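The values are calculated or read from the model by the stated rules, or taken from the named source; none is laboratory data. Please read these numbers as outputs of a predicted model, since none were measured by experiment. Note that each Cβ is placed from the backbone with ideal geometry, even for glycine, and that neighbours are counted across all protein chains shown. Just so you know, the surface numbers come from the protein's heavy atoms only, side chains and all, with ligands and any DNA or RNA stripped out. Shrake-Rupley method; radii C 1.70, N 1.55, O 1.52, S 1.80 Å.
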Amino acid sequence: MKIAYKFMKEALKEAEKAYQKNEVPIGCVIVCGNKIIAKAHNLRETKNSTLAHAELLAIKKANEKLNSWRLEDCDIYVTLEPCPMCAGAIIQARMRKLYFSTRDFKSGAFGGVFNLNAEKLNHTLEIDCGILKDESEQLLKKFFTDLRTK
């Protein structure tokens, strides 16, 4: 489990980068063979793109790195439970395992609102929730508090 904390800390660093850019602080890393092969953070505001979620940006980088759309030997670490769009992409990429810090009770698609992984799709993955939960939640709360005071 120590290794999972190491990679989630890296995802949290990505979330901090998003925070510094006035983006919702969500970070993501993708790991293959115990090495980070892709990392990204939320850039929706910066890129003015609905698709610029941390997970989608990291998946694109991992696809390019491995020269494959299949990421079946990869694990993904995200600081917030993925939304339906990202959940679909993670499943379609055939990822092995998803780790996320905290649930999203407004749009989480792996248990927060509903669980896409429980549907009869062509792939399911292992899920581990709660690693560095407090740190992730604190960063998100700080971002939204700052946003309200501006």
> Counting Lys and Arg as +1 and Asp and Glu as -1, each charge on the Cβ, what is the dipole of segment 40-150 about the Cα centre in debye, to the nearest 20?
Replying inline: 340
>> Give the residue list of chymotrypsin sites (Phe, Trp or Tyr not before Pro) in segment 102-150 that are DSSP loop and have at most 12 other beta-carbon atoms within 10 angstrom.
In response: 105
> Just going by the charge dipole of segment 37-127, with Lys and Arg at +1 and Asp and Glu at -1 on Cβ, which of 102, 86, 50 is farthest out on the positive end?
Replying inline: 50
>> Here is the link list: 35/106; 9/142; 65/141; 21/65; 97/120; 2/141. Which ones come out longer than 22 Å on Cα distance?
In response: 35/106; 65/141; 21/65; 2/141
> For labels at residue 122 and residue 51 in the simple 7 Å Cα→Cβ model, what's the distance in nm?
Replying inline: 1.9
> Give me the log10 of I(q) over I(0) for segment 76-132 at q = 0.14, 0.15, 0.16, 0.18 Å⁻¹, as the Debye formula computes it from C-alpha points; what are the numbers?
Replying inline: -0.29, -0.34, -0.39, -0.49
> What's log10 of I(q)/I(0) for the chain at q = 0.09, 0.10, 0.13 Å⁻¹, Debye sum over Cα points only, no solvent?
Replying inline: -0.24, -0.30, -0.51
> Relative contact order (percent) for the chain, with alpha-carbon contacts under 8 angstrom and 6 or more residues of separation?
Replying inline: 20
> Expressed as a rounded percentage, what relative contact order does segment 9-72 have, with Cα pairs under 8 Å and six or more residues apart?
Replying inline: 25
> What are the principal axis extents of the Cα atoms in segment 13-94, in Å, biggest first?
Replying inline: 33, 23, 21
>> Students sometimes get this wrong: rank 77, 5 by accessible area, probe 1.4 Å, all chains present, largest first.
In response: 5, 77
>> Cross-link candidates for residue 39: which aspartates and glutamates have Cα within less than 15 Å, leaving aside residues fewer than 8 places away along the same chain?
In response: 10, 14, 16, 55, 64, 75
